[in-house]
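Below: one structure, written as structure tokens.
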Amino acid sequence: MKWALGIVLTPFLLIVLLAIALYIPPIQNWAVHTVASYVSKEMGMDVTVEHVRLVFPLDLGIDGVKVIQPNDSLPQRKDTIADLKRMVVDVQLMPLFDSKVNIDRLDIYDLKMNTANLVHEARGKGRVGELSLKAASPPTLSHREGACPITGTSIDLGKEFVDLGKVYLADAHIDVALSDTVPEDTTKSEVFWKINAEELAIDNSDATIHMPGDTLQIKAVLGKVSAKKGFFDLYKGEYNIASVDWQNGAIYYDNNFEPRLKGLDVNHIALTDIGVGIDTLHFLAAKDSVNAMEMRLGIRQCQMMEKCGIGVKSLTGSLVMDSLKVITDFDLALNRDVHADVATSTLKANAIVDLNVMDSINPGKVYVDADASIGSEDILLGMGMGNMPKALMDQWPRKPLAIKLSANGNMNRVDIKSAYAQLPGAFLVKADGYAEKFMDVNKLVSDLHLDAQTQNLEFVKTMLDKNTAKMIGLPAMHAVADAKIRGQVYDVDFRATEGKGSVSGKANFNAKAMAYKAQLKVNDLQLGHFVKGMGLGGFTGNADVDGIGTDVFSPRTKINAKAQVVDFAYSKWNLNKMNFDAELSGGRAQATILSRNPLLDGKIGLDALLSKNVDATITTELNKADLYNLYIAEKPLTVAGCAHLDVATDMDEYYKLVGTLS
């Protein structure tokens, strides 16, 4: 009976002894070396392990793991696939029988890795200084009766649920090069795993991604990152993070095939001193028409510096998005020193964007309200990037440019409720109006109202050459204009004042028919304020013109023009009481100038046939011409008389002049 019992118990005793033997260090190392040798043979790699320590029940420590394989291009060389200095893992035994993996501790130290040719989609290499999974902070009432034990990581294989405690990553430097030779995997598979993460902390790490062919390169520096309370449902496509803090960060973007340019270079962007605080991050992917997409983002703080000198001192706001619209509300502050107390430029903006705004039938709208103040420092920085003249930058007013906009619309119609731009001491511009059907110039309909005031615009003259700048004057003015567009018909009605002088007018232009009509009235406008050094004085007069076509040599062109100079002082001349009438039709032009002032009293007429050749008759009837006061004669001289001149020319080589004077 005893020997029978011994036969029955012997296998169980052997299993128990074998299990106990696995906790004896020499046997542990023998077993690991045997397994490593087997793996090396099966995978064609050289796998070695320096030391293994297993403590009951499943507290495992591994030192000195190396995986080496021959280089895929140079067989005489070898690639180190993995080089692990130390790994410690503590797994609870009993939950394993319920298909649960509870990891109390997982620490990885000094891991070097290189995927080589193991992953066809990409090649990754790098180093991880430390990676650890630890237990989450116990709840405040953890001592209460019935409280669950706190574990680092729990994996429920049956329910496909992962519960992470605290994840810590430090001194990780990863480099990934994507491949363009692998076809896209179109196999559909459903993943039901859910992941809950208490906290993620990253210190002194970075990741670099190279696009296929190394055309683009993106590097993110994660100086210090903390993310808390994350939940991810991979089946629903739901991702939630309670808060994210990123400090001492940087992002580098480079298009490696484009040259580096001075200033803001969109092909080479370097953002440093990044600090980001996010309070809410929620995303739910759309599964069907019932379960719509959702996204919420709350930015508590954001700052960064671009190498060109543009600095984001602060960015706060929110973004809410679903399958129908996007709603944003942001406050932005700029300063070339992101740590400065005062912002040089600010922007407050909120927008609502219907996602069907581009639809051709019943499109949604975009609603925008923005209020910006752009400091002169940032304006000058932008001018420097645009290689603007140094003289303009030196004389640009050192005051902020204020811009406000309230508008809404879509691809069919845009309504500008109000637009406002002011540079104190220089100009103030206001506008409102609408435009619709602007994608088709033949159906375009628009009304626009503009109100502009100018003060000191001397800095604008720095863009002219010195001689021209000396002649040109830019006095303070106030102008109001209304513009209407109906298809290819354009109407403008405007009035501008300068001091006591004014100029007003109306104009109509039909681009399809090339027909136009304009009326202009000027009252006591001091031309000398606009053109200096020529002795120009006040001008009062009016002009009317209407016509079809602009080619004066075409028989289809018709023009009627009238102009009157009521009062005009030019140097010592008083050129008032002058009238001009002109008519062009069927290739025949007729014009008359009638003057009734002390310097010139008479009539000048023109009658011409305009085609390839020009035949014209010029007649004059002068009652009086004061040549002395007209600076034609050196001594007092007044003449009167008549003239008849016939002119013929081909406007090239042939000219003929015949006439009489009396």
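The values are calculated or read from the model by the stated rules, or taken from the named source; none is laboratory data. Everything numeric here is computed off the predicted structure, so don't read it as measured data. Please note: Cβ atoms are built from the backbone with ideal geometry, for glycine as well, and neighbour counts cover all protein chains shown. The accessibility values were calculated without ligands, DNA or RNA, using every heavy atom of the protein model including side chains. Shrake-Rupley method; radii C 1.70, N 1.55, O 1.52, S 1.80 Å.
Tabulated values for the structure
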read-out: Spin-label pair residue 510/residue 552, simplified geometry with 7 Å Cα→Cβ offset, distance in nm; value: 2.4
read-out: Positive-end residue of 292, 351, 243, charge dipole of the chain with Cβ unit charges; value: 351
read-out: Proximal aspartates and glutamates relative to residue 307, as straight alpha-carbon distance under 15 Å, when same-chain residues fewer than 8 apart are discounted; value: 254, 265, 273, 337, 378
read-out: Globularity index of the range 546-662, i.e. its alpha-carbon radius of gyration over 2.2 N^0.38 Å; value: 1.23
read-out: Residue-span extension gain [residue 393 to residue 500] - 0.36 nm each, minus C-alpha spacing; value: 35.3 nm
read-out: With Cα atoms, 0 to 90° folded angle of helix 376-385 axis to the chain main axis; value: 90
read-out: Candidate residues 502, 179: accessible-area rank, largest first, probe 1.4 Å; value: 179, 502
read-out: At R0 = 25 Å, FRET efficiency that the Cβ-Cβ distance of residue 662 and residue 627 yields, to 0.05; value: 0.90
read-out: Antiparallel content of DSSP bridges confined to the chain, in %, to 5; value: 95
read-out: Packing-based ranking, highest mean first, of 254-260, 197-203, 416-422 given that Cβ atoms within 10 Å are counted; value: 197-203, 416-422, 254-260
read-out: Charge dipole magnitude, Cβ of K and R +1, D and E -1 - the range 449-523, Cα centre, debye nearest 20; value: 260
read-out: Residues whose placed amide H lies under 5 Å from that of residue 258, excluding near-sequence neighbours; value: none
read-out: Local electrostatic count at residue 576 - Lys and Arg +1, Asp and Glu -1, tallied over other residues with Cβ under 15 Å; value: 0
read-out: Mean accessible surface per residue for the chain, computed with a 1.4 Å probe while every protein chain stays in place, in Å²; value: 61
read-out: Mean Cα-pair separation over length for the chain, i.e. relative contact order, pairs under 8 Å, 6 or more apart, %; value: 4
read-out: Zone of residue 178's modelled label, taken as backbone nitrogen in the range 197-236 under 18 Å from a point 7 Å along Cα→Cβ; value: 207-221
read-out: Unsatisfied cross-links (Cα-Cα over 24 Å) in the set 219/390; 85/219; 85/134; value: 219/390; 85/219
read-out: Distance between the range 389-418 and the range 443-489 - C-alpha centres, whole angstrom; value: 15
read-out: For the range 350-361, 3J(HN,Hα) per residue [Karplus equation, 6.51 cos²θ - 1.76 cosθ + 1.60, θ = phi - 60°, Hz, x = Gly/Pro]; value: 9, 8, 10, 10, 6, 6, 9, 5, 8, 5, 7, 10
read-out: Residue 593 accessible area, 1.4 Å probe, all protein chains in place, Å² to nearest 10; value: 70
read-out: Spatial extent of the range 330-405: Rg and Dmax, with the Cα atoms as the point set, Å; value: 17.2, 51
read-out: Diffusion coefficient, µm² s⁻¹, Stokes-Einstein with Kirkwood Rh over alpha-carbon pairs of the range 424-473 at 4 °C and 1.567 mPa s; value: 92
read-out: Positive-end extreme of charge dipole, the range 570-656 - chosen from 597, 633, 619 (charges on Cβ); value: 597
read-out: For Rg/Rh (Cα atoms, Kirkwood Rh), calculated from these coordinates, the label among [x] 1.22; [y] 0.97; [z] 0.95; value: [x]
read-out: Percent of Cα-Cα distances greater than 23 Å, calculated over the range 359-508; value: 54
read-out: Karplus 3J(HN,Hα) series, Hz, for the range 203-218 with 6.51 cos²θ - 1.76 cosθ + 1.60 (x for Gly, Pro); value: 10, 6, 10, 7, 9, 10, 10, 10, 6, x, x, 6, 6, 10, 9, 10
read-out: Carbon plus sulfur fraction of accessible area for the range 533-662, probe 1.4 Å, in percent; value: 58
read-out: Theoretical FRET efficiency, 1/(1+(r/R0)^6), r = Cβ-Cβ of residue 534 and residue 463, R0 22 Å, to 0.05; value: 0.50
read-out: Calculated FRET value between residue 471 and residue 651, using beta carbons and R₀ = 25 Å, to 0.05; value: 0.20
read-out: Cα→Cβ-extended label distance, 7 Å offset, between residue 441 and residue 339, nm; value: 5.5
read-out: Size of charge dipole - the range 334-484 - debye, nearest 20, with Cβ of Lys, Arg +1 and Asp, Glu -1, no other charges; value: 380
read-out: Point-to-point label distance, residue 612-residue 264, nm (Cα→Cβ direction, 7 Å offset); value: 5.7
read-out: Whole-Hz ³J(HN,Hα) from phi, Karplus 6.51 cos²θ - 1.76 cosθ + 1.60, for the range 307-324, glycine and proline x; value: 4, 6, x, 7, x, 8, 6, 7, 9, 10, x, 9, 9, 10, 9, 9, 6, 10
read-out: Local electrostatic count at residue 206 - Lys and Arg +1, Asp and Glu -1, tallied over other residues with Cβ under 14 Å; value: +1
read-out: Packing-based order for 435-447, 293-305, using average beta carbon neighbours within 10 Å, highest first; value: 293-305, 435-447
read-out: Computed accessible area, residue 580, all protein chains, 1.4 angstrom probe, square angstrom; value: 80
read-out: Charge dipole (debye, nearest 20) of the chain; +1 at Cβ of Lys and Arg, -1 at Cβ of Asp and Glu; value: 1240
read-out: Mean Cβ neighbour count within 10 Å, used as a protection proxy, ranking 108-114, 207-213 highest first; value: 108-114, 207-213
read-out: Set of aspartates and glutamates with alpha-carbon distance to residue 558 below 12 Å, sequence-local pairs under 8 removed; value: 546, 583
read-out: Using alpha-carbon coordinates, inclination of helix 2-21 to the longest axis of the chain, degrees; value: 40
read-out: Cut-off 10 Å between beta-carbons: net charge of the residues surrounding residue 598, Lys and Arg +1, Asp and Glu -1; value: +1
read-out: Surface accessible to a 1.4 Å probe, residue 332 within the full protein complex, Å²; value: 50
